[in-house]
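See below for the structure under consideration.
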Amino acid sequence: MASIIKVDTIQNATGAFEHARLVQVQSASKADAFTTASTSFVDVTGFTIAITPTNSANKILVLVSTQIGISSAANLVAIQLVRAISGGATSNIALSTGASSFNQSAFAIPANTYNSEGVSIMVLDSPSTTSATTYHVEMKVSAGTGALGRRGDDTSTGSFSSITVMEIRT
């Protein structure tokens, strides 16, 4: 037998009305691998998610989980999280502030080519819009071939990647 709870309002301890903070959730996954030999950031095919905020004051919590690897030891592989509003220009929303030309959201230097590194990115973004907002992951390498969703040297291995966005009422 199912239970049903019905209420007209929910109030906090001071008697003020409290609404839900989580407005909407969108999620996408990537089960296949992506590789690149580009030394400039390129879009990771199929690793994107869109959300249309209901209020321009709301925030978007973005969660990315994946694995990255490189084809040869001592080379770097990096990913960055970027945002585009209404198909406009992209902005890196999780950029490190180091002095390196390899600034990014996350990077890995696997000890050898048989490794891949688990990577997660979590950002509370303020897009300040009610227009469609797209988040996607870009990737680059210092040299060699970088892989997302598998080891750098082995096409038979693989891992699951996901990107989730949540609109939070402010």
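Since every read-out is calculated from the coordinates, none of them should be taken as a lab result. Remember, predicted model here, so these are calculated numbers, not experimental data. When we count neighbours, we look across all protein chains shown, and the Cβ atoms used for this are built from the backbone with ideal geometry, even at glycine.
What full-extension length gain, to one decimal in nm, is calculated for Ser86 and Ser27 as 0.36 nm per residue of separation minus the Cα-Cα distance? Don't skip to the end; give the middle numbers.
On the way: separation 59, 0.36 × 59 = 21.24 nm, distance 1.87 nm.
Result: 19.4 nm gained on full extension.
Using 0.36 nm per residue, how much length does the chain from Leu124 to Thr52 gain when fully extended, once their Cα-Cα distance is taken away?
The span from Leu124 to Thr52 would gain 24.4 nm if fully extended.
At a Förster distance of 35 Å, what's the computed FRET efficiency of Leu61 paired with Ser3, Cβ-Cβ distance as r, to 0.05? Mind showing how you got there, number by number?
On the way: r = 30 Å, r/R0 = 0.87.
FRET efficiency, Leu61 to Ser3: 0.70.
If each residue of separation counts as 0.36 nm, what is the full-extension length gain between Ala74 and Arg169 once their alpha-carbon separation is subtracted?
Computed gain between Ala74 and Arg169 is 29.8 nm.
May I ask you to evaluate 6.51 cos²θ - 1.76 cosθ + 1.60, the Karplus curve with θ = phi - 60°, for each residue of the range 57-70 and list the ³J(HN,Hα) values in order in whole Hz, giving x for glycine and proline?
Values, residue by residue: 7, 6, 9, 10, 8, 10, 10, 10, 9, 7, 10, 10, x, 9 Hz.
Order the peptides 128-138, 70-80, 38-48 from the highest to the lowest mean number of other Cβ atoms within 10 Å of their residues.
Working: 128-138: 18.5, 70-80: 20.7, 38-48: 15.8.
So the order, starting with the most tightly packed, is 70-80, 128-138, 38-48.
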